[in-house]
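**Q** The structure that follows is given in the form of structure tokens.
The values are calculated or read from the model by the stated rules, or taken from the named source; none is laboratory data. Note that the structure is predicted; figures quoted are calculated from it, not measured. Cβ placement follows ideal geometry from the backbone for every residue including glycine, while neighbour counts extend to all protein chains displayed. The protein model used for the area step is the full one, side chains on, heavy atoms only, and it has no ligands, DNA or RNA in it. Shrake-Rupley method; radii C 1.70, N 1.55, O 1.52, S 1.80 Å.
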Amino acid sequence: ISWGISPLVTCWWMKIAPSHRSENIFVDPKATPNGYKRFPSLNTDQPEVTLSVIVPAFNEEQRLRKMMNQAVAYLSKRHNDDPTFTFEIIVVDDGSTDQTSTIALRYTNQYSAALVRLLKLNGNHGKGGAVCKGMLRARGKYLLMADADGATDFPDLERLERGMNAIENNELGIVVGSRAYLMEESLAERSLLRSFLMHGFHFLVDLLCVKGINDTQCGFKLFSRKAAQFVFTNQHIQRWAFDCELLYLANSAGIPVKEEAVKWKEVEGTKLNVAIASLQMLRDLVLIRVCYATGIWKADYRDILGTTK
């Protein structure tokens, strides 16, 4: 019973508890007098850059460098080619016990806090919690979620941007990177258990949360600022199934969602235990459906629909 209801307690506490003061500031070597500045707010401040990249990271000292090198090189080239394109990268250290924060700060020192910022969380919140906290402190007109392992080619951002241009309406839109085209190709390489869990999860997502999205879990998603304000302010799930809740919320508010194929490769070093994560995601999918259907969780639709729905 406690395993089943623990996410409810966690979600309730995360909603009412103020963020630890260390989560509201970031290191800026040029800041005086103490080398720190306060993060802005997604909900109350105006956008200052074209794109914010949010990178959740938990014990990623072995994989973060490669991803950051690719991201900074690509985004800097975009800026050099078009000075109106500006960006920031927020690395969210989700309670790491290794050198993840140290590595992120090296990029801050090298490129400035205007381009790379470290959000160091006070403990482990889960991937969903880390992404949410990073998004709520972003300055971008558009916000990209990108995994720290660099499994997705960063230039595929352009595919997501084209998708956003095609669907964005009233400053609302979400584009989901998709690996669905790889699923059939990889079936022969998967164990029977992994294949069963994959198809079972997709069936339950379609049944309980959101229809028509073939890959809800790819860690490469682009949000318009207004869409991000809505889904991340109302998010409850802190761990692996949070993507499904975001898409459930988007669907309930009529936010346009589009899926775009991206290049993806397996990267060694994953911390995902397939069996345990599958059970947690099953539990969380049921919670999403039950809690919203019964009114235990309620989304605030006023800024999106002009009503509480």
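**Q** Give the stretch 100-122 a look and list any residue that's assigned to a helix (DSSP H, G or I), surrounded by fewer than 15 Cβ atoms within 10 Å (Cβ to Cβ) and either in contact with a strand residue (DSSP E or B) (Cβ under 7 Å, 6 or more places away or on another chain) or touching a residue at least 60 places away in the same chain (Cβ under 8 Å) (or both), or say none.
**A** ASN109
**Q** Moving on to the next point. Report yes if LEU144 is assigned to a strand (DSSP E or B), at pLDDT 95 or above and either in contact with a strand residue (DSSP E or B) (Cβ under 9 Å, 6 or more places away or on another chain) or over 29 Å from CYS11 (Cβ atoms) (or both), otherwise no.
**A** On the way: assigned to a strand (DSSP E or B): yes; at pLDDT 95 or above: yes; either in contact with a strand residue (DSSP E or B) (Cβ under 9 Å, 6 or more places away or on another chain) or over 29 Å from CYS11 (Cβ atoms) (or both): yes.
It is true that LEU144 is assigned to a strand (DSSP E or B), at pLDDT 95 or above and either in contact with a strand residue (DSSP E or B) (Cβ under 9 Å, 6 or more places away or on another chain) or over 29 Å from CYS11 (Cβ atoms) (or both).
**Q** Please go through the stretch 206-228 and pick out each residue that is among the charged types (D, E, K, R), open to solvent by less than 30 Å² (accessible area, probe 1.4 Å) and either closer than 17 Å to TYR292 by Cβ or outside any helix (DSSP H, G or I) (or both).
**A** Going through the stretch 206-228, the residues among the charged types (D, E, K, R) turn out to be 206, 211, 215, 221, 225-226.
Pick out the ones that are also open to solvent by less than 30 Å² (accessible area, probe 1.4 Å) and you get 215, 221, 225.
Correct list: ASP215, LYS221.
**Q** Between a residue in the stretch 229-244 that is open to solvent by less than 20 Å² (accessible area, probe 1.4 Å) and any residue that is among the polar types (S, T, N, Q), which pairs come within a Cβ distance under 6 Å, given they are 6 or more apart or on different chains?
**A** If the second residue must be among the polar types (S, T, N, Q), the pairs left are ASP243/THR216; ASP243/GLN217; CYS244/THR216.
**Q** Looking at ALA73, ALA57, can you tell me which residue is closer than 23 Å to ASP156 by Cα and either out of contact with any Ser or Thr (no Cβ under 7 Å at 6 or more places or on another chain) or surrounded by fewer than 17 Cβ atoms within 10 Å (Cβ to Cβ) (or both)? Working first, answer last.
**A** Working: ALA57 fails: either out of contact with any Ser or Thr (no Cβ under 7 Å at 6 or more places or on another chain) or surrounded by fewer than 17 Cβ atoms within 10 Å (Cβ to Cβ) (or both).
Going through ALA73, ALA57 in turn, the sole match is ALA73.
**Q** Can you pull out every residue in the stretch 151-180 that is of a type in the set (A, V, I, L, M, F, W, C), at pLDDT below 95 and farther than 17 Å from THR216 by Cβ?
**A** The answer is PHE154, and nothing else.
**Q** Test each condition in (1) part of a strand (DSSP E or B); (2) within 21 Å of GLN217 (Cβ to Cβ); (3) open to solvent by 10 Å² or more (accessible area, probe 1.4 Å) for HIS125 and report the one that comes out false.
**A** (1)
**Q** Can you name the condition, by its number, that THR97 falls short on among (1) open to solvent by less than 40 Å² (accessible area, probe 1.4 Å); (2) within 28 Å of TRP13 (Cα to Cα); (3) among the β-branched types (Val, Ile, Thr)?
**A** The failed condition is (1).
**Q** Right, next: Pick out the one residue from VAL92, VAL72 that is among the β-branched types (Val, Ile, Thr) and farther than 17 Å from ASN122 by Cβ.
**A** VAL72
**Q** Quickly run through the stretch 1-37 and pick out the residues that are surrounded by 10 or more Cβ atoms within 10 Å (Cβ to Cβ) and not in a helix (DSSP H, G or I).
**A** SER19, HIS20, ILE25, PHE26, VAL27, ASP28, PRO29, ALA31, GLY35, TYR36, LYS37
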